[in-house]
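Colleague: Can you read through this structure? Questions will come right after.
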Amino acid sequence: MSRPNCPVCGSTKRLDNWHMDYLVPDGWTLPTTNTICLCLECGMIYYDNDRTQADYDDYYKTKYGYDGSLDPNRYVARWESDITAVCELEPDLDALIVDYGGGTGYIAQGLREIEYTRAISLEIGDDLPDNIDLLLSIHVLEHVYDLQGAVGNMIAHLAPCGGLLVEVPDACEYARYSDLPAIDFNQVHINHFTPATLDKLFAGFRYHAAYRLQAQLPGLDASMYRALYVPGPSAHPYGASRKHVQHETAKQLEKLKQVTDPVIVWGAGPYCMHMLARVPKVAARVVEWVDNDPAYRGSTILGKPVLEAPTTDYPILIIAQQQATGILDKIKRSGLANEVIVI
């Protein structure tokens, strides 16, 4: 036996009284017997046999890839589901997204078609780039002999707040498919994850699931568990907030850059001050500031006074979040005829 320890928690305590035997084509490096083990410490289900990682590497390199399907499009619905998940979880079109073990490259190509400029597909064993924002591991880990080494390698190439979107067969659902008794207990799925054991694997690297989905694989008679794993609880809000703020403000900054005439800025809150600090040419065009907060009475910003109401007919520029509606109502009630620009 070459896998005496659980690949998730390392325990040697296991139930291993179930074996599945196979005929193997001459010269192939797959095992003829798999011992199906249940870790009594963490609940992981995994195969033990007389093969090594090198044996599996050789098989995947030289033999694996063709599933005998008469329908070449049978996985398209599944891949489209993955593309949709990426769009929901990573809104930044400039993020470095790597589909690791991407096979046909369908997912990366689909992402590029919707303007994700740095979506690429790599095969297992290829060198990973550094600072990956989102690494996809779609139906890969159930095939990987050395789980600790594989996950450690992927995490080592993530950006500081990067994440892994992982999808595997859901072992909790295997017994529901009575007409397909061994669809996942096959020769090459050497790891069988429940949501709890996959979460535990990543917890060992101080990553946790920020998103989870248990569902049937689109277009296929099988179930899957999909999760987004991100650094520990303190790092996730930081990374998620950074991406959200930068992505959303970038769109508004482009609108702000189109302001080329002198303006009155109404509402000098923190968000407005942040945005104008990013576009100093527009800040220099402010002829007066208007804000009803008493704290501003007698104050100036960039040498221009902060007033309670406009004194000129220049366009009024509003860069606000929660206060925008209130400012617009006040302008309407005041009967002002100034042009209004809302960012």
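Colleague: Quick one: Leu253 ticks every box in (1) in contact with a Gly (Cβ under 6 Å, 6 or more places away or on another chain); (2) within 26 Å of Pro160 (Cα to Cα) bar one, so which box is it?
Modeller: (1)
Colleague: Go through the range 145-188 and give me each residue that's in a loop (DSSP other than H, G, I, E, B), modelled with pLDDT under 95 and more than 18 Å from Gly43 (Cα to Cα).
Modeller: Once the filter is applied, which keeps residues that are in a loop (DSSP other than H, G, I, E, B), modelled with pLDDT under 95 and more than 18 Å from Gly43 (Cα to Cα), the range 145-188 yields Tyr177, Ser178, Asp179, Leu180, Pro181, Ala182, Ile183, Asn186, Gln187, Val188.
Colleague: Tell me, yes or no, whether the range 12-21 has at least one residue that is β-branched (Val, Ile, Thr), within 34 Å of the chain's Cα centre (by Cα) and farther than 17 Å from Leu198 by Cα.
Modeller: Applying the first criterion (β-branched (Val, Ile, Thr)) to the range 12-21 yields 12.
Applying the additional criterion that residues be within 34 Å of the chain's Cα centre (by Cα) yields 12.
Those still in the list that are farther than 17 Å from Leu198 by Cα too: 12.
Yes, the conditions are met somewhere in the range 12-21.
Colleague: What helices (runs of 4 or more DSSP H) completely inside the range 1-119 contain at least 3 residues that are touching an Asp or Glu at 6+ places or on another chain (Cβ under 8 Å) and either closer than 30 Å to Ala159 by Cβ or basic (Lys, Arg) (or both)? Please lay out each step first, then the result.
Modeller: On the way: elements: 53-62, 76-89, 106-113.
Fully inside the range 1-119 and qualifying: 106-113.
Colleague: Could we say that Leu336 is modelled with pLDDT of 95 or more, farther than 30 Å from Leu165 by Cα and either surrounded by 15 or more Cβ atoms within 10 Å (Cβ to Cβ) or in the same structural domain as Ala156 (by TED's automatic domain parsing) (or both) here? Reasoning before the result, please.
Modeller: Details: modelled with pLDDT of 95 or more: no; farther than 30 Å from Leu165 by Cα: yes; either surrounded by 15 or more Cβ atoms within 10 Å (Cβ to Cβ) or in the same structural domain as Ala156 (by TED's automatic domain parsing) (or both): yes.
Against the criterion (modelled with pLDDT of 95 or more, farther than 30 Å from Leu165 by Cα and either surrounded by 15 or more Cβ atoms within 10 Å (Cβ to Cβ) or in the same structural domain as Ala156 (by TED's automatic domain parsing) (or both)), Leu336 does not qualify.
Colleague: Continuing with this model, one more query. Which of the following residues is in contact with a helix residue (DSSP H, G or I) (Cβ under 8 Å, 6 or more places away or on another chain) and either at pLDDT 95 or above or buried (at least 18 other Cβ atoms within 10 Å of the Cβ) (or both): Gly239, Gly267? Walk me through it before giving the result.
Modeller: Details: Gly239 fails: in contact with a helix residue (DSSP H, G or I) (Cβ under 8 Å, 6 or more places away or on another chain).
Gly267 is the lone residue from the list that is in contact with a helix residue (DSSP H, G or I) (Cβ under 8 Å, 6 or more places away or on another chain) and either at pLDDT 95 or above or buried (at least 18 other Cβ atoms within 10 Å of the Cβ) (or both).
Colleague: Report yes if some residue within the range 93-111 is farther than 30 Å from Thr62 by Cβ, in contact with a Leu (Cβ under 7 Å, 6 or more places away or on another chain), crowded, with 16+ Cβ neighbours inside 10 Å and β-branched (Val, Ile, Thr); otherwise report no.
Modeller: Scanning the range 93-111, I find no residue that is farther than 30 Å from Thr62 by Cβ, in contact with a Leu (Cβ under 7 Å, 6 or more places away or on another chain), crowded, with 16+ Cβ neighbours inside 10 Å and β-branched (Val, Ile, Thr), so the answer is no.
Colleague: Of everything in the range 189-205, what is closer than 19 Å to Ile36 by Cβ and either in contact with a strand residue (DSSP E or B) (Cβ under 8 Å, 6 or more places away or on another chain) or not in a helix (DSSP H, G or I) (or both)? Give them in sequence order.
Modeller: His189, Ile190, Asn191, His192, Phe193, Thr194, Thr197, Leu198
Colleague: State yes or no: is Ile124 assigned to a helix (DSSP H, G or I), β-branched (Val, Ile, Thr) and touching a Gly at 6+ places or on another chain (Cβ under 7 Å)? Quick ask: steps written out before the conclusion?
Modeller: Numbers: assigned to a helix (DSSP H, G or I): no; β-branched (Val, Ile, Thr): yes; touching a Gly at 6+ places or on another chain (Cβ under 7 Å): yes.
Spelling it out, it is not the case that Ile124 is assigned to a helix (DSSP H, G or I), β-branched (Val, Ile, Thr) and touching a Gly at 6+ places or on another chain (Cβ under 7 Å).
Colleague: Given the conditions (1) closer than 30 Å to His244 by Cβ; (2) out of contact with any strand residue (DSSP E or B) (no Cβ under 8 Å at 6 or more places or on another chain), and given that Gly149 satisfies all but one, which numbered condition is not satisfied?
Modeller: Gly149 satisfies every listed condition except (1).
Colleague: Looking at (1) modelled with pLDDT of 90 or more; (2) surrounded by 13 or more Cβ atoms within 10 Å (Cβ to Cβ), find the lone condition where Thr84 falls short.
Modeller: Tallying (1) modelled with pLDDT of 90 or more; (2) surrounded by 13 or more Cβ atoms within 10 Å (Cβ to Cβ), Thr84 fails exactly one: (2).
The values are calculated or read from the model by the stated rules, or taken from the named source; none is laboratory data. Remember, it's a predicted structure, so these values are computed and weren't measured experimentally. Cβ coordinates were reconstructed from backbone atoms using ideal geometry, including for glycine residues, and neighbour counts include every protein chain displayed.
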